[in-house]
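Novice: Below you will find the structure I want to go over with you.
The values are calculated or read from the model by the stated rules, or taken from the named source; none is laboratory data. All figures in this text were calculated on a predicted structure; none of them were measured in a lab. Cβ: placed from backbone, ideal geometry, glycine included. Neighbour counts: every protein chain shown.
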Amino acid sequence: MRGDRVENFCEYRSPSRRLLGLGRRDIVQTPIASGYRWKSKDLERLPDEPFLTYEIIDGELVVSQQPHLRHGRIIAAAARYLHPAVTALRGLVIVEPGIVWGDEAEDNVAPDIAIVLPDRLHLATGRSLSGTPNIVIEVVSEGSVEIDYIKKRDLYARTGAQEYWIIDWQLEAVEVWNFTASPARAAVYKVGQTITTPLIPGLDVRVEDLLS
């Protein structure tokens, strides 16, 4: 089934039908037109809310609400299936790490899973990652479709990720972006198919295992 995956070349399916209602992430509009753009250091002045997560993407503040319980189960399943192959390479599978590019940076995010391979282990020596990991994984929630499929895809592409996985349990699919290709391209894997990547030799993970 691995050879039957659908490949999209820098294409994006409109998420408009799935953007209605409250969900995990809601964009907080900031006065960018007046010249102000959010920076990492600005997060220190926001209130500490136990059920909210603050991120900054290209100068825009994004507030994440507490996700659906299935969201957490999928993160746990993905980390469990990825861990053996990644650790065999002496890499790291990190759940919900912060990525801080610097106090003045206009990006500051917390992906669901980061895979850090040996050539980037120097990024994982502090409280947060100090740069983009080799592979970034996000699990889509009802309110995060545009953020995960567009804004974070563009963020991870321009900051040096090699791959970006989007696990969409509502569509029962995993979209894997390869940013090392020119042009960048995406392969969409459905239930019954197996995901592999040249970055992690020996990894064979079924889509249904990630969605369990």
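Novice: Using the structure shown, decide if T125 is more than 22 Å from S64 (Cβ to Cβ) and assigned to a loop (DSSP other than H, G, I, E, B).
Specialist: Taking the combined requirement at face value, the residue satisfies it.
Novice: If you go through segment 94-111 one residue at a time, do you hit one that is among the polar types (S, T, N, Q), modelled with pLDDT of 95 or more and farther than 29 Å from Q170 by Cα?
Specialist: no
Novice: Would you be able to tell me the number of residues in segment 145-191 that are of a type in the set (A, V, I, L, M) and touching a Gly at 6+ places or on another chain (Cβ under 9 Å)?
Specialist: Taking segment 145-191 and keeping what is of a type in the set (A, V, I, L, M), we get 145, 147, 150, 155, 157, 161, 166-167, 171, 173-174, 176, 181, 184, 186-188, 191.
Remaining after also requiring touching a Gly at 6+ places or on another chain (Cβ under 9 Å): 145.
Total satisfying the criteria: 1.
Novice: Another question, then. Hey, which of the strands (runs of 3 or more DSSP E) in segment 42-112, taking only ones fully inside, have at least 2 residues that are closer than 22 Å to G126 by Cα? Full working, then the answer.
Specialist: Values: elements: 52-57, 60-65, 92-95.
It comes to 52-57, 92-95.
Novice: Out of segment 52-64, which residues are surrounded by fewer than 17 Cβ atoms within 10 Å (Cβ to Cβ) and farther than 14 Å from A110 by Cβ?
Specialist: D58, G59
Novice: Whether any residue in segment 98-112 is within 22 Å of P198 (Cα to Cα) and buried (at least 21 other Cβ atoms within 10 Å of the Cβ) is what I want to check.
Specialist: yes
Novice: Looking only at segment 69-80, count how many residues are loosely packed, with under 15 Cβ neighbours inside 10 Å and without any contact (Cβ under 8 Å) to a residue 60 or more places away in the chain.
Specialist: Summing the residues that are loosely packed, with under 15 Cβ neighbours inside 10 Å and without any contact (Cβ under 8 Å) to a residue 60 or more places away in the chain in segment 69-80 gives 3.
Novice: Additional query: Residue pairs, Cβ under 8 Å, 6 or more apart or interchain, first in segment 87-105 and touching a residue at least 24 places away in the same chain (Cβ under 8 Å), second among the acidic types (D, E) and assigned to a loop (DSSP other than H, G, I, E, B). List them.
Specialist: Once the first residue is touching a residue at least 24 places away in the same chain (Cβ under 8 Å) and sits in segment 87-105, its partners that are among the acidic types (D, E) and assigned to a loop (DSSP other than H, G, I, E, B) give I99/D107; W101/D107.
Novice: Check segment 81-94 and report whether any residue there is under 17 Å from S40 (Cβ atoms), surrounded by fewer than 20 Cβ atoms within 10 Å (Cβ to Cβ) and of a type in the set (A, V, I, L, M).
Specialist: Scanning segment 81-94, I find no residue that is under 17 Å from S40 (Cβ atoms), surrounded by fewer than 20 Cβ atoms within 10 Å (Cβ to Cβ) and of a type in the set (A, V, I, L, M), so the answer is no.
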